[in-house]
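Notes to accompany the following structure.
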Amino acid sequence: MAKNIAKPVTAISRTAALLSFASAATFVVLLSTLHVIKPGLDPSWHFISEYAIGDHGWMMVLAFLSLALSFVALFVAIRSQTRTIAGRIGLALLLVSALGLTIAAIFTTDPITVSKDAATSEGSLHNLGGTLGLAMPFSAALIGWKLTRNPAWSSAKRPLLWATGLALVAFLVSFVSVGVMVSQSGGKFGPDVLVGWPNRIEIVAYSVWLTVVAWQAIRVRDTNDPGSGREGVVRRGDDRPAEGGR
């Protein structure tokens, strides 16, 4: 059985973790703002990608790029902490997700009601980016699992499990519900096919996962930084000096 052999937590890039946290938060802020300034796009049955169409579309493009940057920055921040094969696969899938978001940002989607004959190549490329984004829940599962098994991250185990569980549940709910609704509608979209909310819940859950992992990376690094005076793993409710500080 492979062991989770990781470099010291001081190898975590605090700057990259902060950038990942800020970029994911920026995505949520931009997406929330678009819901306010573009009320004509009913969130119950339109995908978030459609905010890139028309006025203020640049904000959705920026939101996608911000989320992609969060993925890449998190990869840089924690790559030293997941040294097993499973961990490396998770990191690789994190970059695949970032690539998918970048493609989705560059190429604008077609309206959800577009016919097959009217579909554009740009819209097809956007859909390719969305397909690559399916790597995200698997990345979250592998990375979350390996980090919770890393002794240096023991103080972060609970929030990591909650955030990872949330991301996986959101993915399953979105995947199943959208699949069922589209199947029942014969592959057609409209006001009666409420695919918008599952889409939003899923992407926000991924953003939450990113912010939680990035924030815990900062805390774990600072806690174990010899220069901080708090060297060693700090556990909840333990006021005694950590073993690593002896």
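The values are calculated or read from the model by the stated rules, or taken from the named source; none is laboratory data. All values derive from a computational prediction rather than experimental measurement. So basically every Cβ, Gly included, is an ideal-geometry build from the backbone, and we count neighbours across all protein chains shown.
Observations, loosely collected:
- Positions within the stretch 107-153 being free of Cβ contacts under 8 Å to residues at least 24 places away in the same chain and part of a helix (DSSP H, G or I), in sequence order: 121, 122, 123, 124, 125, 127, 148
- For residue 102, the conditions (1) farther than 27 Å from residue 59 by Cα; (2) surrounded by 15 or more Cβ atoms within 10 Å (Cβ to Cβ); (3) within 20 Å of the chain's Cα centre (by Cα) are fulfilled apart from (1).
- Within the option set 173, 182, being among the β-branched types (Val, Ile, Thr), modelled with pLDDT under 95 and either surrounded by fewer than 21 Cβ atoms within 10 Å (Cβ to Cβ) or part of a helix (DSSP H, G or I) (or both) holds for one residue only, 182.
- Residue in the stretch 62-81 that is touching a residue at least 24 places away in the same chain (Cβ under 8 Å) and outside any helix (DSSP H, G or I) present: no
- Residue match in the stretch 84-97 (condition: closer than 30 Å to residue 42 by Cα and among the small types (Gly, Ala, Ser)): yes
- Residue tally, condition more than 18 Å from residue 101 (Cβ to Cβ) and in contact with a helix residue (DSSP H, G or I) (Cβ under 7 Å, 6 or more places away or on another chain), over the stretch 43-83: 10
- Qualifying residue in the stretch 108-121 (condition: under 22 Å from residue 91 (Cα atoms), among the aliphatic types (A, V, I, L, M), out of contact with any Cys (no Cβ under 7 Å at 6 or more places or on another chain) and surrounded by fewer than 19 Cβ atoms within 10 Å (Cβ to Cβ)): no
- Qualifying residue in the stretch 186-205 (condition: surrounded by fewer than 17 Cβ atoms within 10 Å (Cβ to Cβ), modelled with pLDDT under 90 and among the charged types (D, E, K, R)): yes
- Taken over the stretch 156-170, the criterion of being among the small types (Gly, Ala, Ser), in contact (Cβ under 8 Å) with a residue 12 or more places away in the chain and either surrounded by fewer than 16 Cβ atoms within 10 Å (Cβ to Cβ) or closer than 16 Å to residue 134 by Cα (or both) is satisfied by 167, 170.
- Failed item, numbered, when residue 45 is tested on (1) among the hydrophobic types (A, V, I, L, M, F, W, C); (2) assigned to a helix (DSSP H, G or I); (3) in contact with a Leu (Cβ under 7 Å, 6 or more places away or on another chain): (2)
- Considering (1) in contact with a Ser or Thr (Cβ under 8 Å, 6 or more places away or on another chain); (2) within 19 Å of residue 48 (Cβ to Cβ); (3) charged (D, E, K, R); (4) touching a residue at least 60 places away in the same chain (Cβ under 8 Å), the lone condition that residue 200 does not fulfil carries the number (1).
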